[in-house]
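Let me begin by presenting the structure, written as structure tokens, before commenting on it.
The values are calculated or read from the model by the stated rules, or taken from the named source; none is laboratory data. Note that this is a predicted model, so its numbers are computed, not measured. Cβ coordinates were reconstructed from backbone atoms using ideal geometry, including for glycine residues, and neighbour counts include every protein chain displayed. Please note that ligands, DNA and RNA were not included when accessible areas were found on the heavy atoms of the full protein model with its side chains. Shrake-Rupley method; radii C 1.70, N 1.55, O 1.52, S 1.80 Å.
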Amino acid sequence: MGSRGQPVLRLPQTVVSIGITGGVAAGKSLVAEAFAELGAGILDADQAVHEILNWPGVKNEIEQKFGSIILKSDGTVDRTRLAQLCFDSSSGALKARKWLEGLLHPRVAELFERQAEQLVAAGKTVIVLDVPLLYEVGWDKSCSVIVFVDAHPELRKQRAATRGWSAAEFAQREAAQGSLELKRQQAHFVVDNNHTPGSVRDQVAAIWHRLTGKFRSN
């Protein structure tokens, strides 16, 4: 899970930065929301990509790559169609995904750095990175702490199905990520998301109090 050729993410040294990782549909966003409720600022990769895809220069490059079929009737990028082109099992999809990552990841890093500065200016002392490919992009190295969100594969498949994903789509997204066991082993904390949202919030609160106390004492 190296980061060769990936953009560096530079976060303010004055904050505690928490990277969230885990499998597809494990509940990473739920954990991020729980940290936000306790006062953390959030850097959300999905939201960042949603914004960046419709920057004029980026949208033009995507249209040139995939053709007008990639645009919806309102002229915005069709994210569902884009995912279909980048996450099937063909070699062409792998090349398309690598091309897209090369286009988006540097821009996500730039946007995150600006957003982090704004969060610090607003008084945030803890920033959470909700980034599905945290290790794959190498941004785990920018984090003070890594939190792994754990959930059984069958439960994650069920949650993915509620998003409209087929079993094949789930498998394709899962295959695009690195070893979950290795990510789990490298994490500082593991949140068990096999039960209720309330249980997740209790675990996050315990992590929050340990971290804020620890970093205040240093």
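Look through Ala151, Ala160 and report the one residue that is more than 26 Å from Pro12 (Cα to Cα) and modelled with pLDDT under 95.
Ala160
Filter the stretch 116-141 for residues that are part of a helix (DSSP H, G or I), surrounded by fewer than 19 Cβ atoms within 10 Å (Cβ to Cβ) and in contact (Cβ under 8 Å) with a residue 12 or more places away in the chain and give the result.
Within the stretch 116-141, Glu117, Val120, Lys141 qualify.
Being of a type in the set (A, V, I, L, M, F, W, C), within 28 Å of Arg201 (Cβ to Cβ), part of a helix (DSSP H, G or I) and in contact with a helix residue (DSSP H, G or I) (Cβ under 6 Å, 6 or more places away or on another chain) is true for just one of Ala34, Ala25. Which residue is that?
Ala34
Among the listed residues Lys65, Lys98, Lys124, Lys59, identify the single one that is at pLDDT below 95 and of a type outside the set (Ser, Thr, Tyr).
Residue meeting the stated conditions: Lys98.
For the subset of the stretch 79-94 comprising residues that are over 15 Å from Gln177 (Cα atoms) and assigned to a helix (DSSP H, G or I), which member is modelled with the lowest pLDDT?
In this case the residue turns out to be Ser91.
Within the stretch 132-148, can you find the residues that are within 21 Å of Ala48 (Cα to Cα) and of a type in the set (A, V, I, L, M)?
Those that are within 21 Å of Ala48 (Cα to Cα) and of a type in the set (A, V, I, L, M): Leu133, Leu134, Val137, Ile146, Val147.
Could you tell me which of the residues Ala187, Ala168 is touching a residue at least 40 places away in the same chain (Cβ under 8 Å) and open to solvent by 10 Å² or more (accessible area, probe 1.4 Å)?
Going through Ala187, Ala168 in turn, just one is touching a residue at least 40 places away in the same chain (Cβ under 8 Å) and open to solvent by 10 Å² or more (accessible area, probe 1.4 Å): Ala187.
Is it the case, given these coordinates, that Asn60 is touching a Ser or Thr at 6+ places or on another chain (Cβ under 6 Å), open to solvent by 30 Å² or more (accessible area, probe 1.4 Å) and without any contact (Cβ under 8 Å) to a residue 24 or more places away in the chain?
no
Does the stretch 190-203 hold any residues that are within 15 Å of Thr21 (Cα to Cα) and either open to solvent by 40 Å² or more (accessible area, probe 1.4 Å) or charged (D, E, K, R) (or both), and which are they?
Val190, Asp192
Read through the list (1) open to solvent by 20 Å² or more (accessible area, probe 1.4 Å); (2) part of a strand (DSSP E or B); (3) touching a Ser or Thr at 6+ places or on another chain (Cβ under 7 Å), then give the number of the only condition that Ile42 fails.
(3)
Looking only at the stretch 142-154, filter to residues that are touching a strand residue (DSSP E or B) at 6+ places or on another chain (Cβ under 6 Å) and not in a loop (DSSP other than H, G, I, E, B); which one of those is most open to solvent (accessible area, probe 1.4 Å)?
It comes out as Asp150.
For the stretch 55-78, name all the residues that are assigned to a helix (DSSP H, G or I) and basic (Lys, Arg).
Lys59, Lys65
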